[in-house]
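Note sheet for the following structure.
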Amino acid sequence: MGRLSTFNRLKMNNKQKGDKAEKELFDHYNNKNDCVCIRSPRTMRRIFTPKGAIFISRANDFFGLFDLLVKFENKHANWIQVKTNPNDVYTAKNKIEQFYNKYCSSFEFVSIALRVNRKGWVFYQYIDKTWIKTYYDFNMDFRSSFKITGDK
């Protein structure tokens, strides 16, 4: 249970917390043999000020929505948005629904991966115009799914 218990032990700002969650999910999929995982790149820009140079970092999500792309062998592609704040899930769902209905095919899945401190992951997957909620703990190999009704 090492990774889960130490995730929020250190004081982190939101960017660090999100980057750590993205890296954890990226590493999980990269350790699998049946898929390839691509992480959206972060860019750095140097700005000169009278006190010296400072660096500004910016996350560049795929299509402005997704942090990870996971492509499984001879199967589907899964676009994943990683979140660490449960309050952000509702707005992400609306944006992802619009994107999926406009641009995605039946061979692609879209998901929101919510990192819950000391508990694991909650995945929201958009399938057949409904959201499926799955609890998953990588360390304990625990998984339970249920269909969300009336929750947008």
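What follows is calculated from the coordinates using simple rules that are stated; it is not laboratory data. Since the structure is predicted, the reported quantities are computational estimates derived from the model, not experimental observations. A quick note on method: Cβ atoms are made from the backbone with ideal geometry, for glycine too, and the neighbour counts reach across all protein chains shown.
Listing Thr134, Thr43, Thr84 from fewest to most neighbouring C-beta atoms within 10 Å gives Thr43, Thr134, Thr84. Of the trypsin sites (Lys or Arg not before Pro) found in region 37-97, those that fall in a DSSP loop while having at most 16 other beta-carbon atoms within 10 Å are Lys51, Lys75. In terms of surrounding Cβ atoms within a 10 Å radius of their Cβ, Phe55, Phe66, Phe109, Phe72 rank from fewest to most as Phe55, Phe72, Phe109, Phe66.
For region 75-107, applying the loop criterion from DSSP together with a ceiling of 16 other beta carbons within 10 Å to the chymotrypsin sites (Phe, Trp or Tyr not before Pro) yields Phe107.
Beyond a 22 Å Cα-Cα separation, which of these cross-linked pairs lie in this structure: Lys15/Lys102; Lys23/Lys119; Lys75/Lys95? Beyond 22 Å: Lys15/Lys102; Lys75/Lys95. Here Asp19, Asp27 are placed in order of increasing Cβ neighbour count within 10 Å, fewest first, which gives Asp27, Asp19. Farthest towards the positive end of the charge dipole of region 10-85, among the residues Asn33, Asn13, Ile47, is the Cα of Ile47, using unit charges on the Cβ of Lys, Arg, Asp and Glu.
Here the calculated FRET efficiency for Asn31 and Lys71, from their Cβ-Cβ distance with R0 = 25 Å, stands at 0.95, rounded to the nearest 0.05. Each Lys and Arg Cβ is given +1 and each Asp and Glu Cβ -1; about its Cα centre, region 2-147 then shows a dipole of about 680 debye. Taking each residue as 0.36 nm, the span from Val89 to Ile54 lengthens on full extension beyond its C-alpha to C-alpha distance by 9.4 nm.
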